[in-house]
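Since the structure comes first, as structure tokens, the remarks are kept for the end.
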Amino acid sequence: MTVETNSKAYAQLFWSLLVATAIVVGLTLVAERSSSAPRGMLDLPGVTGEPVFVELRVPAADATVYRLPEGATLGDLFSVANLPPPPEVDVNRPIRSGEVVTANAQGRLSFRVMPGSRLLVLGLKIPLESANVSDLEAVPGIGKVLARRILTHVTLSERVESIRELRSVKGVGPRMLEKLRRYTRL
């Protein structure tokens with residue numbers, strides 16, 4: 001072997017060892033993170049069920065989505081966010097999955113539903129009674145026109161009892177009805 005061949009072999013060995021070390025370190029970090037409780041997760045004793053996803057927006061901070069156990073309250077939300085609850089807030093008020101809780105500078109809270117695209121990313125269904133056109137456009141296969149038709153039907157109907165009733169909307173066939181069942185709720 002020549003000196004040049006040895007240098008190439010050593011360089012290749014060096015880079016292979018460096019990549020292998022990086023992979024081991026990365027896998028170790030992933031294993032450590034997955035073994036501990038997720039950030040933004042609060043474990044309440046005796047509370048089981050589906051997780052509740054809620055977004056908290058406070059002045060001078062980034063909005064953060066928290067995953068809490070079913071039955072969590074506003075007090076629990078502020079606790080996991082390491083923030084004191086604003087004065088005159090009912091800390092026992094249950095929070096609903098898909099809710100956005102916004103605190104203004106005076107400490108007053110407002111509540112609304114997350115945008116449809118965010119709900120779907122979190123695995124939550126879009127509530128038809130509070131949806132708008134852009135929310136429904138997040139459902140695969142629904143454009144502006146069909147979203148307007150669906151919302152018009154929901155608005156004009158006194159009470160939609162079942163997603164199946166949306167079959168009467170022009171453009172909602174069996175496949176779209178399945179998507180609506182999967183991605184929306186009444």
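The values are calculated or read from the model by the stated rules, or taken from the named source; none is laboratory data. All values reported here derive from a predicted model rather than from experimental measurement. All Cβ positions, even for glycine, are placed from backbone atoms using ideal geometry, and neighbour counts span all protein chains on display.
Points worth noting:
- Within region 129-146, restricting attention to residues that are assigned to a helix (DSSP H, G or I) and under 15 Å from Pro115 (Cβ atoms), the residue that is modelled with the lowest pLDDT is Ser130.
- Every listed requirement among (1) surrounded by fewer than 10 Cβ atoms within 10 Å (Cβ to Cβ); (2) at pLDDT 75 or above is met by Phe111 save one, (1).
- Matching residues, region 53-69, being exposed (fewer than 14 other Cβ atoms within 10 Å of the Cβ) and either under 17 Å from the mean Cα position of the chain (by Cα) or among the hydroxyl-bearing types (Ser, Thr, Tyr) (or both): Asp62, Ala63
- Of all the listed residues (Arg118, Arg112, Arg149), the sole one being in a strand (DSSP E or B) and of a type in the set (D, E, K, R) is Arg112.
- The one condition in (1) touching an Asp or Glu at 6+ places or on another chain (Cβ under 7 Å); (2) part of a loop (DSSP other than H, G, I, E, B) that Val100 fails to fulfil: (2)
- Residue check for Leu177: touching a residue at least 60 places away in the same chain (Cβ under 8 Å) and surrounded by 13 or more Cβ atoms within 10 Å (Cβ to Cβ): no
- Any hit, region 158-170, residues being outside any loop (DSSP other than H, G, I, E, B), exposed (fewer than 14 other Cβ atoms within 10 Å of the Cβ) and modelled with pLDDT of 95 or more: no
- The set of residues from region 129-168 being under 22 Å from the mean Cα position of the chain (by Cα) and either of a type in the set (D, E, K, R) or outside the structural domain of Leu180 (by TED's automatic domain parsing) (or both) comprises Glu129, Asp135, Glu137.
- So Gly71, is it modelled with pLDDT under 90 and part of a loop (DSSP other than H, G, I, E, B): no
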